[in-house]
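Structure, as structure tokens:
The values are calculated or read from the model by the stated rules, or taken from the named source; none is laboratory data. Quick caveat: nothing in here was measured; it's all calculated off a predicted structure. With ideal geometry, Cβ positions are generated from the backbone for all residues, glycine too; neighbour counts draw on all protein chains shown. Side chains are part of the model used for accessible areas, which takes the heavy atoms of the whole protein and leaves out ligands, DNA and RNA. Shrake-Rupley method; radii C 1.70, N 1.55, O 1.52, S 1.80 Å.
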Amino acid sequence: MSTAVIRANRRKLVILAVLVLLCAAGYMLVDVRFSNPKLFSYAMRLRAPKLLVMLITAFAIGGASIVFQTIINNTIVTPCLLGMNSLYTLIHTAVVFFFGSGSLIAVSANLSFAVDVVLMGIVATVLYSWIFKKTKHNVLYVLLVGTVLTSFFGSIQSTLTRVMDPNEYDSLLNSLVASFSNVNSEIILFSLILLAGVIFALRKELALLDVLTLGKHQAINLGVDYDRCIRKLLLGVTLCIAVATAMVGPISFLGLIIANLSRQLLRTFRHSQLILGSALFGMVVLIGGQLIVEHVYSYAVPVSVFITVGGGVYFLYLLLTRKKV
Amino acid sequence: MQIQKLTKQYDGKTVVDGVSFAIPKGKVISLIGPNGAGKSTVMGMISRLIAQDSGLVDFEGRDIGKWKSKELAKRLAILTQSNNIQMKLTVEELVTFGRFPYSGNRITAQDREIIDRAIRYMELEPFRDRFIDELSGGQRQRAMIAMVIAQDTEYVLLDEPTNNLDIYHATNLMKTVRKLCDELGKTVILVLHEINYAAFYSDYICAFKDGKIAKFGTVEEVMTKENLSKIYQVDFEILNIAGKPLSVYY
Ligand SMILES: Nc1ncnc2c1ncn2[C@@H]1O[C@H](COP(=O)(O)OP(=O)(O)OP(=O)(O)O)[C@@H](O)[C@H]1O
Ligand SMILES: [Mg+2]
């Protein structure tokens, strides 16, 4: 039967992938004037990077959320709910603040991203593993601490921007916080290399994810070097969140939605399938959402608003329908 | 396996206090004692799940903390007292995890055979494809034990394996434990609350009380009226049935 489940899940994943392709094709081609080659290539040059950014973001958030849930052994938390993306925004603002908007670090998108990523990797890994230890992985405490941290990082960040010279801030606003109408496509190549590097460096740990779902003691019993493995995976998660936040800004509930949709659809412990499902769901939500936002609402409401509203409701639904947290 | 002066404190309270003993190889050893005596904590420390505050666990001539976790997983397996697995997992998939230390995620034909044998030992054939969160408590416990058996290690540690099992399956388990020891030469260490199972099926008994060893010896040495009354604060009578000292308490 387990092989039947694997096969059925493969079919579901193929359907999801087809959906992604349809969304992507729709996003690229709706309202494009094919008759005018100039306009056509203009539209392509405008849309292609954005599409790529959304694909990368969906993969980074989808993968990171599933891995994070397995690390903490609970499916109701995601890195973004615990303030990881606010931390990234804060780090990015602080770097610009302390180095000045004219500095090389602030001007070069790739350089400032590199600095952010290094800082983020260190700060987040230390901070979150400390929190997990202190709260003994008690999910309610972790969630509470995470919520406090989210607003804490947020207020420091907004204080920093307020202290900045208003002119400087104004000119920086665009590059400071990315969003869907203003994706940071300069760092696409860097992000792709970084993600590939993370996956390569963590290939052994990623193969342990299935065993980690049995819990800490079982994992150790089966020969996993637990603390080291968790630390490495956590570092990978923070880097993925850094990539996503740098490119499109914070979207808190996306990870929660797509990770849980993937778990509900596939009902398996196999992480290769769960991660793929989560990433594909992310692509459908982001690209499909953006398609609707651009062509139905003509940009009046950004897609992140829909995700936040929908995600919030979904989060409540998950909390209320679960027997135990 | 040698255990020397193991000590563990929780919040300033000493729960295991200078425990030393040598585990005889190729035998069945039962740990007994009242709730909170420190049995599970000792089991955790001798299987590297819990770090001791002081003392040494010498496993095959080397400090257990110095072993590579992966190597150790091929030589020692433990079933802990409480297990909650949140994943959608069938019995067969769970048991298959027992082979992880050997084959990772790539299961061989030989692994399959060992998995089938473990499932047969625990009489789980009818539940093979059922999800473990849809089983009864006893069925789930048997699945967990089957996984430990599939790990096929020289040392097998079971913390209250008879939990949730009915008399038939508990007795069957104890017979399996004997078989693991007598036919496959394994060393089995188990925590039991049913003293008579301990008396009937094990070679040695180690009785704990208040974090210390109250008595360690052969079944005959430990199973006396005086020893048991002192450990449990309950009146005991010892009867000799089928050549074994069995107890009645009231
Ligand atoms: N993680 C922990 N934190 C704090 N105290 C603990 C912890 N684990 C165990 N203890 C305490 O240590 C003592 C020994 O616990 P242990 O689980 O070893 O007992 P036990 O002999 O296995 O009991 P039982 O028969 O009920 O399983 C108990 O008083 C318990 O409250
Ligand atoms: Mg116990």
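Miscellaneous remarks
- One Cα centroid belongs to segment B:1-59, the other to segment B:228-250; the line between them spans 25 Å.
- Modelled this way, with points 7 Å down the Cα-to-C-beta line, the labels at B:K66 and A:F200 are 3.7 nm from one another.
- In segment A:3-321, inverting the average of 1/r over every pair of distinct C-alpha atoms gives 20.4 Å as the Kirkwood radius.
- Normalised contact order of segment B:79-150, rounded percent, pairs of Cα under 8 Å and 6 or more residues apart: 49 percent
- Other protein chain C-beta atoms within 10 Å of residue C-beta, averaged over A:209-219: 6.
- When the residues B:K175, B:K68, A:K50 are ordered by accessible surface, computed with a 1.4 Å probe over the protein chains alone, the sequence from largest down reads B:K68, B:K175, A:K50.
- Percent antiparallel among DSSP beta bridges (both partners in chain B, rounded to 5): 60 percent
- When you count the other C-beta atoms within 10 angstrom of each residue and take the mean per peptide, B:122-133, B:81-92, B:35-46, B:236-247 line up highest first as B:35-46, B:81-92, B:122-133, B:236-247.
- 3J(HN,Hα) couplings calculated from phi for segment B:22-38 with the Karplus curve 6.51 cos²θ - 1.76 cosθ + 1.60 (θ = phi - 60°) are, in sequence order, 9, 8, x, 6, x, 10, 9, 10, 9, 9, 10, x, x, 4, x, 6, x Hz; Gly and Pro show x.
- Gain in span if fully extended, B:D235 to B:Q9, counting 0.36 nm per residue against the direct Cα distance: 78.2 nm
- As a length-normalised measure over Cα pairs under 8 Å and 6 or more apart, the relative contact order of segment A:3-321 settles at 33 percent.
- Sorted largest first by accessible area at a 1.4 angstrom probe radius, with every protein chain in place, the residues A:E186, B:E134 fall in the order A:E186, B:E134.
- For peptide B:86-97, the mean count of partner chain Cβ atoms within 10 Å of a residue's Cβ comes to 5.
- Highest mean packing comes first when the peptides B:142-152, A:105-115, B:52-62 are listed by Cβ atoms within 10 Å, giving B:142-152, A:105-115, B:52-62.
- Neighbouring Cβ atoms from other chains, within 10 Å of the Cβ of residues in A:105-114, number 0 on average.
- Folded to 0 to 90 degrees: helix B:167-182 orientation relative to chain B principal axis, Cα: 90 degrees
- Cα lying deepest toward the dipole's positive end in segment A:3-321, options A:P79, A:S278, A:T89, charges on Cβ: A:S278
- Distance between the 7 Å Cα→Cβ label points at B:L246 and A:L29: 7.9 nm.
- Whole-Hz ³J(HN,Hα) from phi, Karplus 6.51 cos²θ - 1.76 cosθ + 1.60, for segment A:113-128, glycine and proline x: 5, 4, 4, 4, 5, 4, 4, 4, x, 6, 4, 5, 4, 4, 4, 6
- Using the Karplus relation 6.51 cos²θ - 1.76 cosθ + 1.60 with θ = phi - 60°, the per-residue 3J(HN,Hα) values for segment A:8-15 come to 4, 5, 4, 4, 4, 5, 5, 4 Hz, with x marking Gly and Pro.
- Over 46 Å [Cα-Cα, the protein assembly as shown], rounded percent: 28 percent
- With all protein chains modelled, accessible area of A:R231 [1.4 Å, Å²]: 130 Å²
- Rg over Rh [alpha-carbon atoms, Kirkwood Rh] for chain B: 0.97
- Long-range HN-HN contacts of B:K244 with modeled amide H, under 5 Å: none
- Accessible surface for A:T70 stands near 10 Å², nearest 10, in the context of the full protein assembly shown (1.4 Å probe).
- Under 5 Å from the amide H of B:V15 lie the amide H atoms of B:K8, B:Q9, B:Y10, each residue being 5 or more positions distant or on a separate chain, with H modelled from the backbone and absent for Pro and chain starts.
- Compared with the dominant principal axis of the Cα atoms in chain B, helix B:137-150 is inclined by about 80°.
- Semi-axis lengths (Å, descending) of the ellipsoid that matches the C-alpha gyration tensor of segment B:46-169: 26, 18, 12
- Each residue was assigned an accessible area with a 1.4 Å probe, and for B:K209 the value is about 60 Å².
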